[in-house]
Each structure stands twice: as structure tokens, then as C-alpha cells.
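Visitor: Got a structure for you, questions after.
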Amino acid sequence: MVDYYQQPPSYHQPGYDYTQQEEEWDREGLLDPAWEKQQKKTFTAWCNSHLRKAGTSIDTIEEDFRNGLKLMLLLEVISGEPLPKPDRGKMRFHKIANVNKALEYIESKGVKLVSIGAEEIVDGNVKMTLGLIWTIILRFAIQDINVEELSARDGLLLWCQRKTAPYNNVNVQNFHNSWKDGLAFCALIHRHRPDLLDYSQLHKGDPIHNLNLAFDIAEKHLDIPRMLDAEDVARHPDEKSTMTYVSCFYHAFRNMREPPPPVIRQPPPQRVVVAPPPERDWRKDVRI
């Protein structure tokens with residue numbers, strides 16, 4: 001397949017035991033329409049952030065991977081390795097053959113695929129397609145994260161906790177509710193690029209503003225595409241979508257020289273004026 005597409009440099013290094021990672025995909029969790037909507041938006045944007053390096057993109061995630069061609073290309077781009085030559089025919093069996101080549105490549109990296117078959121991808125099954133893309137994201141964007149012997153999700157969570165520790169009103173404990181007010185995203189940006197926003201001016205009670213601010217800055221200045229909707233995150237954030245987006249911050253910042261720990265300006269304490277006690281009439285205390 002390297003003869004058909006531009007081959008980019010490799011920037012992900014394997015080295016993790018992925019034999020059980022597919023268990024992380026909760027098949028039933030994808031049945032929620034709100035989560036499905038968020039994952040379609042996030043996963044599509046994530047795929048396009050890599051496919052654009054090869055001069056292409058997708059519009060509808062469950063449709064544009066059906067013939068297997070862009071799926072194989074995506075794997076080539078994110079791995080930097082050539083896949084077998086694709087079948088160019090338009091018949092169903094050609095499409096199945098291409099998707100199977102992609103699945104075989106994923107399994108060759110130690111990923112155990114469960115309940116995901118080529119036929120379901122070719123048929124445009126949205127839930128199976130989302131499950132497959134989540135598997136790819138885990139393997140190539142998250143599983144290689146290592147922070148003090150913690151890897152994958154736990155390593156990414158620890159990284160977020162350490163980077164945001166100096167900031168008021170930020171307590172990252174997970175990849176859903178901890179991000180609803182937008183302050184954790186803003187803290188990550190300010191920790192590495194304090195020139196891009198003034199954290200002291202942000203308020204926990206204005207989540208839509210905080211989220212849109214972080215998403216806009218990330219897109220304009222950090223080359224991180226907008227993968228989430230502020231309203232969705234503020235109301236009911238999807239863990240897989242949030243984790244995918246946050247992993248982009250990790251990869252953008254991991255090799256950046258970190259500035260000194262921030263000093264967050266605090267509002268001056270209110271001055272308390274204590275009134276003097278009333279003056280006593282000393283004559284009342286005199287005994288005659």
C-alpha cells in the first residue's frame with residue numbers, strides 16, 4: 001500500500017501488552033445516543049487530524065471506512081508502516097478483503113479484537129465502527145503514554161493531575177465530570193503556554209466560556225482540532241471522547257520545555273475592621 005499513499009514518519013512506538021486492551025471498550029456503553037453523537041464527532045476529528053497528512057479526510061465515520069481504503073491509510077499514517085496492497089475493486093468481497101487487512105494489521109500489534117468483524121464495518125455498522133476506531137486510538141495514541149510506571153489511561157490521568165495541581169478549582173479525578181467546567185483544559189494550556197490565556201480571569205461558574213476558550217486556543221495555536229462541543233461536555237461528557245481529546249494535549253506538550261510553576265494571582269483578602277468597645281463610664285465602678 002505504500003505505493004499508493006504518501007508514507008509519513010513514525011511517531012508512535014509500541015511496547016505495551018495489548019492482549020487484553022479490547023476489554024476496555026464497553027460495547028453497551030456505545031448504545032447511548034448522546035455518547036454516540038460525541039464519539040462520532042471526536043473520532044472523526046481525530047482520524048482527520050492524521051488523514052490530512054496524506055491529503056485526504058472523512059466526513060461520515062461509518063460510511064467512509066466501508067471499503068477499507070481509508071482505514072488502511074489511517075493505519076499507515078499513524079504507524080509509519082506499509083500495509084499490504086489494497087484491493088481496488090468495488091465489489092463487496094473486495095471491501096471485506098481490505099477491512100480484513102486492516103484488522104489483521106491491528107491484531108499483529110498485539111490487539112485482541114472482540115466482536116468486531118470486517119462484514120460489520122463494510123455494512124456501515126456505526127457502533128462497531130466506533131468500537132474499531134476506539135481500539136485504534138487506544139493502541140496508537142494512548143497505550144504508549146507512560147508516566148512513572150503508569151501507562152495508558154492511568155498514565156494520562158496522572159500526567160493531567162500533575163500539570164493541573166497548582167490551579168484553583170481543578171481536581172482531575174477522571175475523564176468525564178472533572179472536565180465539565182472547562183478549567184482543567186484551560187489549566188493544561190496555561191501550564192505550558194501561559195501567554196495564551198489568563199487563568200486568573202476564569203470562573204468555575206462559566207463552563208461554556210471556559211470550554212470554548214480552551215477549544216479555540218487549542219485549535220488556533222496548538223494544532224489540536226476541535227473534537228468536542230462545549231454544550232455536550234458541560235452537560236454529560238463522554239469518557240472516551242474526552243480521553244481522546246486530552247491525549248492530543250499530551251502529545252502536543254510532552255516534548256515542550258515546561259515553564260516554571262505558575263503563580264496564580266489571588267484576590268486580596270477583605271479587610272476586616274473591628275469596632276472598638278464602647279467607652280465605659282468609670283464613675284459607675286467607683287464605690288462610695
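The values are calculated or read from the model by the stated rules, or taken from the named source; none is laboratory data. It should be emphasised that the depicted structure is a prediction, and the values quoted were computed from it without experimental measurement. In this analysis, Cβ positions are derived from the backbone assuming ideal geometry, glycine residues included, and neighbour counts consider all displayed protein chains.
Visitor: Go through segment 190-203 and report how many residues are free of Cβ contacts under 8 Å to residues at least 40 places away in the same chain and buried (at least 16 other Cβ atoms within 10 Å of the Cβ).
Guide: 4
Visitor: Does LEU150 count as in contact with a helix residue (DSSP H, G or I) (Cβ under 8 Å, 6 or more places away or on another chain) and either among the small types (Gly, Ala, Ser) or in contact (Cβ under 8 Å) with a residue 12 or more places away in the chain (or both)?
Guide: no
Visitor: Can you pull out every residue in segment 174-203 that is farther than 24 Å from PRO260 by Cα and not in a helix (DSSP H, G or I)?
Guide: ASN174, PHE175, HIS176, LYS180, ASP181
Visitor: I've got another one for you. How many residues are touching a Pro at 6+ places or on another chain (Cβ under 9 Å) and either at pLDDT below 95 or surrounded by fewer than 23 Cβ atoms within 10 Å (Cβ to Cβ) (or both) if we restrict to segment 229-244?
Guide: Matching residues across segment 229-244 total 2.
Visitor: I would also like to ask the following. Can you tell which of LEU132, LEU138, LEU103, LEU156 is assigned by TED's automatic domain parsing to the domain that holds LEU69, buried (at least 17 other Cβ atoms within 10 Å of the Cβ) and under 15 Å from TYR250 (Cα atoms)?
Guide: Only one candidate qualifies: LEU138.
Visitor: Related question: Return the residues of segment 205-234 that are in a helix (DSSP H, G or I) and touching a residue at least 40 places away in the same chain (Cβ under 8 Å); say none if nothing qualifies.
Guide: ALA230, ASP232, VAL233, ALA234
Visitor: Can you tell me how many residues within segment 49-70 are touching a residue at least 24 places away in the same chain (Cβ under 8 Å), surrounded by fewer than 18 Cβ atoms within 10 Å (Cβ to Cβ) and within 22 Å of VAL122 (Cβ to Cβ)?
Guide: Of the residues in that region, 2 qualify.
Visitor: Is it the case that some residue within segment 204-214 is out of contact with any Leu (no Cβ under 9 Å at 6 or more places or on another chain) and within 17 Å of LEU156 (Cβ to Cβ)?
Guide: no
Visitor: For segment 159-173, give me the residue count where each residue is part of a helix (DSSP H, G or I) and either more than 15 Å from the chain's Cα centre (by Cα) or surrounded by 18 or more Cβ atoms within 10 Å (Cβ to Cβ) (or both).
Guide: Residues that pass the stated criteria total 5.
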